[in-house]
Amino acid sequence: FLFENMDISIRNIEDIEAVLKLPVLGVIPSIPAERRMDDWLTYILRRQRVTVHSFRSMLLSNKRASGMAMEFYYSLRSNILTQLKRKRGAVLVFGSAGKAEGKTLTSINFALACVRSGMKTMVIDADIRRPWMHHVLGVGRDPGLSDVLAGKMDWREAARDSAAILAEGISFPELRIFQGIGNLHALSCG
């Protein structure tokens, strides 16, 4: 009885809603990498990052979980859009308290879900300390957000469009991951 009453951990969606007094808009399950060995190595060796290839395999085109993963992200996108008070433009921030908790994976997958619905989307890697998005999208790290914030250039010059993303390091087999990204723009960390 004492242990149960002293337990302040959050175990389910109802606990989250009770603590935050806000509705839960979506739940994203753990998405496995295409190769089971990558998941195993990450778990056993406690690596903070998987390889770029493994990371790309966890995007919305993952063969093992693509249908399921797409539905979760499309559902999250729809729920967020219905909660917005305005119909034009929005800024969303995906953050967490710790490292390697899925901020980059979630933000890129959410951006891909938005783009595949025909929405113009810009994904910005604001993780200056541990940037990773430029690796996943295959673009250069510079110029980027830090250059824009320092006033060295305009954000329009630093942002990369879908043609640049596809031209700068995505191999032909990986191209299927980024299908339908005509409205995607990316701003790396710089």
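The values are calculated or read from the model by the stated rules, or taken from the named source; none is laboratory data. The shown structure was predicted, so the numbers you read here are calculated from the model rather than taken from an experiment. Quick reminder, even Gly has a Cβ in these numbers, built from the backbone with ideal geometry, and neighbours come from all protein chains shown. Remember, those area values only see protein heavy atoms, side chains included, never the ligands or the DNA or RNA. Shrake-Rupley method; radii C 1.70, N 1.55, O 1.52, S 1.80 Å.
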Q. Between Ser9 and Arg88, what is the label-to-label distance in nm when each label sits 7 Å out along the Cα-to-Cβ direction?
A. 4.8 nm
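Compute the FRET efficiency between Ala163 and Arg129 as 1/(1 + (r/R0)^6), taking r as their Cβ-Cβ distance and R0 = 45 Å, and round to the nearest 0.05. Walk me through the intermediate numbers first.
On the way: r = 29 Å, r/R0 = 0.65.
The pair Ala163/Arg129 has a calculated efficiency of 0.95.
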**Q.** Largest to smallest accessible area among Val139, Val93, Val27 [probe 1.4 Å]
**A.** Val93, Val27, Val139
**Q.** Area of Ser117 that stays accessible when all protein chains are in place (1.4 Å probe, Å², to 10)
**A.** 60 Å²
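Would you mind getting me the FRET efficiency between Asp142 and Ile28? Use the beta-carbon distance for r and R0 = 41 Å, nearest 0.05.
Working: r = 31 Å, r/R0 = 0.75.
Plugging the Cβ-Cβ distance into 1/(1 + (r/R0)^6) gives 0.85.
Mind checking the full-extension length gain between Ala97 and Leu2? Use 0.36 nm per residue of separation minus the Cα-Cα distance, one decimal, nm. All intermediate terms of the calculation are to be shown ahead of the outcome.
Working: separation 95, 0.36 × 95 = 34.20 nm, distance 2.89 nm.
Length difference between fully extended and current span is 31.3 nm.
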